[in-house]
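Heads up: the structure comes next, in structure tokens.
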Amino acid sequence: MKSEILKISQISAGQSVVCIIGNDNIPERLNLSKSEKEYAQKQLKAKEEYTFINSYNKCTYLVRLKDGISHHKVREELRKTAYNLRKLIKGNNHSELVITSEESYKGAIEDFVEGLILSFYSFEKYKTQTDESEKLHYPARLLLQGKVADADIKWLVDLTDAVYFTRDLINEPVNHLNATALAGEIKRIGDSAGFSVEVLNKGKIEALKMGGLLAVNKGSVDPPVFCILEWRPANYVNKNPIVLVGKGIVYDTGGLNIKTGDFMAGMNGDMAGAAIVTGILHTAARTGIPLHIIGLIPSTDNRPGGNAYTQGDIITMYNKLTVEIGNTDAEGRLILADAISYASKYAPELIIDIATLTGSAAMTFGNQAIAVMTNADRKYINLLEECGNDVYERIAELPFWDEYGELLKSDISDLKNIGGREAGAIIAGKFLERFAEYPLIHMDIAGTEMLKKDDFYRLKNGPASGLRLLSTFLKKIAADYSK
């Protein structure tokens, strides 16, 4: 269960408190004894990340903001400290915990709470037994005391709610969440949040001639789906919609080019892009972002069974381009390409696709940056970079030069689905660009999403990388329109 977030006007005697401080002065309102203050001052002078004081009837956690670094780095260090405190907080078994600040920046409380909430997440749906340490609980309520706007609390609640259910979807094993079940979950979330969801079944996909999605699905016993999500509030301010496209491969074996060694582990999370797009629509609807937003989610598993597609096959895509299959493990770009070309029917202002697409992106940037390629106006990239710094889901741009597209040429079809060994992430992006009739931002989250260990509050096994970034990006675009 996610902690409830509430606002309070003042701290009561005996309440356990996290206080974020901007200098070495101990606020009097914390009611610490003389010896406790002296201990805290000593710890602060030693530049400890945090100071913990265990009083008779309460716990006090002092978190000192770091000096001499950029503001967005200060914000991120505060979120990381929240992660580092999570075990101590859990061990103290608080039913509620006050979060306040003194002489710190506006928004410090919200940043700390965001880091804490995201650190508290765990996927335990299928556990039937727990050990003693797991019987301790995170606080049921986090009480925010200070100058925190109601709108900011609502954003924090709705955004972290979206991260939680997105992580749940990513962590579900494929025997519980095939493409059809994913579509059902997306429909349920849409009904709850207030955005519409249309699910196209295999018959409709065949009628649309989405050759990429149908080819990848040929080795599966389960049918594909194509989900169309739409948030269109009465007060939307953009003339043309923004279209988000999420990769929905619910399990990727690699197909006939089967993954070897441990490369298949965690491939139930290859639908992270689909889950993230759903989370973004949820946040937009719940918080009332005044934009017309459409989400497109093609979904299937990629298996080597039955009549699986093969190397050398020629398939015809939704936009009539023919593609020679050079590798069946380059399947994500095929289903995304159909969706990106389908997006043209909406004459969108911008198309953004998000996908765990290439190992090349992970090798290039590790877990530190989302690989981005684009042919869109620089104003979008500048804003995306700004938002990436704000939430610390940073982007790093790769070149999108035409020469990379030359590597996709085929002798027998319009293009191939792979190039050579070099520049794999860029070539995948250039493949998708061939299907985009409108400005495209391609986001490859393979490095930031598929983690082998926790990256602080970005937890392994599906941190939902890009959800907070794109939600904030859309919020700011709406604000810019309204100026």
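The values are calculated or read from the model by the stated rules, or taken from the named source; none is laboratory data. Fair warning: this is a prediction, and the values are worked out from it, not measured in the lab. With ideal geometry, Cβ positions are generated from the backbone for all residues, glycine too; neighbour counts draw on all protein chains shown.
Being over 14 Å from Ile228 (Cα atoms) and either modelled with pLDDT of 95 or more or surrounded by fewer than 21 Cβ atoms within 10 Å (Cβ to Cβ) (or both) is the requirement here; does Ala183 meet it?
no
When the range 415-457 is examined, which residues are found to be more than 22 Å from Arg167 (Cα to Cα) and of a type in the set (Phe, Trp, Tyr)?
Result: Phe431, Phe435, Tyr438.
For the range 214-261, enumerate the residues that are in contact with a helix residue (DSSP H, G or I) (Cβ under 7 Å, 6 or more places away or on another chain), surrounded by 20 or more Cβ atoms within 10 Å (Cβ to Cβ) and among the charged types (D, E, K, R).
Lys247, Asp252
Can you pull out the residues in the range 191-213 that are under 25 Å from the mean Cα position of the chain (by Cα), surrounded by fewer than 23 Cβ atoms within 10 Å (Cβ to Cβ) and not aliphatic (A, V, I, L, M)?
Scanning the range 191-213 gives Asp191, Ser192, Gly194, Ser196, Glu198.
Would you confirm whether or not the range 149-164 contains a residue that is modelled with pLDDT of 95 or more, more than 13 Å from Ile5 (Cβ to Cβ), small (Gly, Ala, Ser) and within 19 Å of the chain's Cα centre (by Cα)?
Checked the range 149-164: at least one residue is modelled with pLDDT of 95 or more, more than 13 Å from Ile5 (Cβ to Cβ), small (Gly, Ala, Ser) and within 19 Å of the chain's Cα centre (by Cα).
Those residues that are assigned to a loop (DSSP other than H, G, I, E, B) and under 32 Å from the mean Cα position of the chain (by Cα), I need them from the range 1-15; list them, please. Can you show your working first?
Of all residues in the range 1-15, those assigned to a loop (DSSP other than H, G, I, E, B) come to 1-3, 9-15.
Once the filter is applied, which keeps residues that are assigned to a loop (DSSP other than H, G, I, E, B) and under 32 Å from the mean Cα position of the chain (by Cα), the range 1-15 yields Met1, Lys2, Ser3.
Just the residues that are part of a loop (DSSP other than H, G, I, E, B) and small (Gly, Ala, Ser), please, taken from the range 426-461.
Ala436
Inspect all residues belonging to the range 303-317 and state whether any of them is part of a strand (DSSP E or B), surrounded by 23 or more Cβ atoms within 10 Å (Cβ to Cβ) and in the same structural domain as Asn178 (by TED's automatic domain parsing).
Among the residues of the range 303-317, not one is part of a strand (DSSP E or B), surrounded by 23 or more Cβ atoms within 10 Å (Cβ to Cβ) and in the same structural domain as Asn178 (by TED's automatic domain parsing), which makes the answer no.
Report whether or not Glu206 is touching a residue at least 24 places away in the same chain (Cβ under 8 Å), assigned by TED's automatic domain parsing to the domain that holds Pro223 and of a type in the set (D, E, K, R).
When the stated conditions are applied, Glu206 does not pass them.
Being within 22 Å of Asn92 (Cβ to Cβ), assigned by TED's automatic domain parsing to the domain that holds Pro27 and exposed (fewer than 13 other Cβ atoms within 10 Å of the Cβ) is the requirement here; does Glu124 meet it?
yes
Check the range 329-342 and report whether any residue there is surrounded by fewer than 21 Cβ atoms within 10 Å (Cβ to Cβ), in contact with a Gly (Cβ under 9 Å, 6 or more places away or on another chain) and either at pLDDT 95 or above or farther than 16 Å from Lys259 by Cβ (or both).
Checking the range 329-342: at least one residue is surrounded by fewer than 21 Cβ atoms within 10 Å (Cβ to Cβ), in contact with a Gly (Cβ under 9 Å, 6 or more places away or on another chain) and either at pLDDT 95 or above or farther than 16 Å from Lys259 by Cβ (or both).
Considering only residues that are within 37 Å of the chain's Cα centre (by Cα) and charged (D, E, K, R), which ones fall in the range 16-43?
Answer for the range 16-43, where residues must be within 37 Å of the chain's Cα centre (by Cα) and charged (D, E, K, R): just Asp24.
Which residues, taken from the range 368-388, are over 17 Å from Asp480 (Cβ atoms) and either surrounded by fewer than 20 Cβ atoms within 10 Å (Cβ to Cβ) or basic (Lys, Arg) (or both)?
Within the range 368-388, Gln368, Ala369, Asn375 qualify.
Return a yes/no flag: does the range 51-73 have any residue that is surrounded by 14 or more Cβ atoms within 10 Å (Cβ to Cβ) and in a helix (DSSP H, G or I).
Looking for residues that are surrounded by 14 or more Cβ atoms within 10 Å (Cβ to Cβ) and in a helix (DSSP H, G or I), one finds at least one in the range 51-73, hence yes.
Given the options Asn31, Asn54, Asn25, name the one that is touching a residue at least 40 places away in the same chain (Cβ under 8 Å) and polar (S, T, N, Q).
The match here is Asn25.
Examine the range 451-464 for a residue that is within 20 Å of Thr287 (Cβ to Cβ) and either at pLDDT 95 or above or surrounded by fewer than 21 Cβ atoms within 10 Å (Cβ to Cβ) (or both), and state whether such a residue exists.
Within the range 451-464, the subset within 20 Å of Thr287 (Cβ to Cβ) is 464.
With either at pLDDT 95 or above or surrounded by fewer than 21 Cβ atoms within 10 Å (Cβ to Cβ) (or both) added as a condition, the list becomes 464.
Yes, that holds for at least one residue.
Would you confirm whether or not the range 97-109 contains a residue that is touching a strand residue (DSSP E or B) at 6+ places or on another chain (Cβ under 8 Å) and surrounded by fewer than 20 Cβ atoms within 10 Å (Cβ to Cβ)?
Scanning the range 97-109, I find at least one residue that is touching a strand residue (DSSP E or B) at 6+ places or on another chain (Cβ under 8 Å) and surrounded by fewer than 20 Cβ atoms within 10 Å (Cβ to Cβ), so the answer is yes.
Tell me which residues, restricted to the range 405-426, are in contact with a strand residue (DSSP E or B) (Cβ under 9 Å, 6 or more places away or on another chain) and surrounded by 11 or more Cβ atoms within 10 Å (Cβ to Cβ).
Those that are in contact with a strand residue (DSSP E or B) (Cβ under 9 Å, 6 or more places away or on another chain) and surrounded by 11 or more Cβ atoms within 10 Å (Cβ to Cβ): Gly405, Leu407, Leu408, Lys409, Ser410, Ser413, Asp414, Leu415, Lys416, Asn417, Ala425, Ile426.
Select the helices (runs of 4 or more DSSP H) contained entirely in the range 109-226, then report the ones holding at least 3 residues which are closer than 30 Å to Asp414 by Cα and out of contact with any His (no Cβ under 9 Å at 6 or more places or on another chain).
Working: elements: 150-171, 179-193, 202-208, 211-217.
Correct list: 202-208, 211-217.
Any residue at all in the range 90-103 that's within 22 Å of Asp24 (Cβ to Cβ), assigned by TED's automatic domain parsing to the domain that holds Gln41 and among the hydrophobic types (A, V, I, L, M, F, W, C)?
Yes, that holds for at least one residue.
Within the group Tyr404, Tyr392, which residue is over 28 Å from Thr316 (Cβ atoms) and aromatic (Phe, Trp, Tyr)?
Working: Tyr404 fails: over 28 Å from Thr316 (Cβ atoms).
Answer to the check: Tyr392.
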